[in-house]
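Accompanying notes for the structure given below.
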Amino acid sequence: MKQSIYIAVVLLTLIFSCKHKEEDKTGADLETTVDGTDAQDDDEGASKLDELFGVDVDELSKRVPAGASKDPASIFTLMMGGEVSVDKSSLSKSDMDALEAMLDTYPDLGQAIVISDTKITTDVSKFTLILSQTEGADLKAINDVIQKLVSPLNSKNGKANNPYAGSFFEEDLKEQSSGSILNRVAGKEMYQELKALEPEEARQKLADHYGIEPKEVDLLQSIGKQPAILNEKQARKLANPVYGKEVEAALADTKTSANFKALVHKSKEKQRKNAERFIKESSSARAAFFKLNPSWYSEQSGEMGNTYRDTRDQLIYLPLGERSFADEVVMFEAGRGGLYPEGALHEPDLLEDTGQANPQMCNIGLKGVLTLQFTDNAITDVNGPDLYVFESGAIEPTILELSKDGSNWLEVGKIEGGTAMVDIHDFVEPGETFTYVRLTDLETPSGVPGADVDAVAAIGGALRLNLDSSVLFEFGKYDLRPEAESLLKELLPQIAEIGKGTIVVEGHTDNVGSAQANSRLSEQRANSVGTLLKTLMKGTATQFKWEIRGHGDSQPIAPNDSDENRQKNRRVELLILPN
């Protein structure tokens, strides 16, 4: 996975390599032997620290207390610092369950890991000592937990943060990409100097550098860095930059310095150009989709479609926009290094590979399996690719399977190499829809253990609306209740967004009664809903083809083993498929 995740892996490796070395000596002195074997092992460990973290081991070892071991594990512990804290909210329920299970199995570790109401604090020194003395420890299970407690993304280890991080000044000083090399280096150096200064000194230093007033420094700090543009709709909002009230008021004030106004206008112009560039590139992605699917209905204004950018700077147009993405995690079998399954849901969150674990990104892990469900849309075959996996970094070989019920699976291909798209045309029937997708990571020789999935989208897809039969019908009946009309009216705007296509009305029942009776009842209910919906849609109903299907109890969405689950299975579903 990412380099930062190796922190925990290296920590455990170093601890237990030293521990095993001690056991192999069967009580012999731990100092370097005459033949230099231990020195060679320590040299290899030091080399690994230098390779992964750029550590000057010789220099760092001078800080190890007198009389203490100077093996790589001790040096690594010193490098990590004393205590590392993570926000409790950054961990999922499964993470917390795994942590509590680890502490139940190895209660001594409770001396090093303290759980409070808001955070979890790990004393790395104590953890190292206790773990090195623990017999028969399950390294993989412990590593799966501890790597989340030392994640650089969420940890707070006491190091000073730059007060201008994330602001206009970080971007202008630290991340500038134009100008001479000397100016860029000087900007980076100045940015680093700011965190060592007192607030008033830093403010005055910036004011002198830019030729503005100290109070204008505070206004510039409030602007923030240029926002990362993730999709076209966001770009359209950013194309007309408007900053906070105080900044806008300062721009209109004749007493405001000319340099301040120039800096703000420069920032706005940069944002506007970035947004317009994205919009222009998006039009090409949209045109490519409609060239393959010319009969797909599309309003030129206010359409639900949106163009998204992935971490490899590829643009993909999705005609159903935010409805295109997987909505729920059904099952997650984490492979080695697997983390954060919920990170694969909904719209993509990240524009670039962050190089570290992130709750917004699911790492499936080596040989891991992730099963997702689409609740308000469905996967169907369109011309061209049908599924797109927004994956960070290298595209790891991953098998994709589809299912209608979450039980019976159809393999439709895999993503690998330079593509994250899959065309299901050769595997499905025309108009066939699927609501589950399963991704299985293939264990392959690679520097990145496991696919990092930000989102999974149906490129074409169908709008899927689920109606509870208890709201529409009396038990065992197919005549609509009076309140059914208001419920169906609420669906009209969503159907109007599709505009043209096919509406499939499907009835479903539980397993109470005979299969024949359930099949007949489900079709009658679907027909009742379809008839009323056509009436409510008035003239626009003729823009769609209509299909009525009764599936009886053949497609349950929950086991028919309780009243609650049987209620879930008694439903009417609408599938709206664009042409």
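Read-outs: derived from the displayed coordinates by stated rules, not from any lab. This one's a predicted model, so the numbers in the text were calculated from it and none came from an experiment. Cβ placement follows ideal geometry from the backbone for every residue including glycine, while neighbour counts extend to all protein chains displayed.
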Highest mean first, how do 548-559, 194-205, 321-332, 497-508 rank when packing is the count of other Cβ atoms within 10 Å averaged over residues?
497-508, 321-332, 548-559, 194-205
Counting Lys and Arg as +1 and Asp and Glu as -1 over every other residue whose Cβ sits under 9 Å from the Cβ of L370, the net charge comes to -1
Where a ≥ b ≥ c are root eigenvalues of the Cα gyration tensor, a/c under 1.5 meaning rounded, otherwise prolate if a/b exceeds b/c and oblate otherwise, region 168-275 counts as oblate
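What is the sum of charges, Lys and Arg at +1 and Asp and Glu at -1, for the other residues whose Cβ falls under 13 Å from the Cβ of V505?
+2
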Theoretical FRET efficiency, 1/(1+(r/R0)^6), r = Cβ-Cβ of A165 and R236, R0 30 Å, to 0.05
0.60
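Which of rounded, prolate, oblate describes region 324-459, given a ≥ b ≥ c as roots of the alpha-carbon gyration tensor eigenvalues and a/c under 1.5 marking rounded, otherwise prolate only if a/b is larger than b/c?
Taking the square roots of the gyration eigenvalues as a ≥ b ≥ c, region 324-459 is prolate.
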Among residues other than G224 whose Cβ falls under 10 Å from its Cβ, what is the net charge (Lys/Arg +1, Asp/Glu -1)?
-1
Determine the distance separating the Cα centre of region 301-332 from the Cα centre of region 193-244; give it in Å without decimals.
31
How far is it, in nm, from the label point at N259 to the one at T121 when both lie 7 Å from their Cα along the line to the Cβ?
4.3
One finds, for E200 and L410 with R0 = 56 angstrom and r their Cβ-Cβ distance, a FRET efficiency to the nearest 0.05 of 0.30
Per the 1/(1 + (r/R0)^6) rule, R0 = 25 Å and r from the Cβ atoms of T531 and F475, FRET efficiency to 0.05 is 0.75
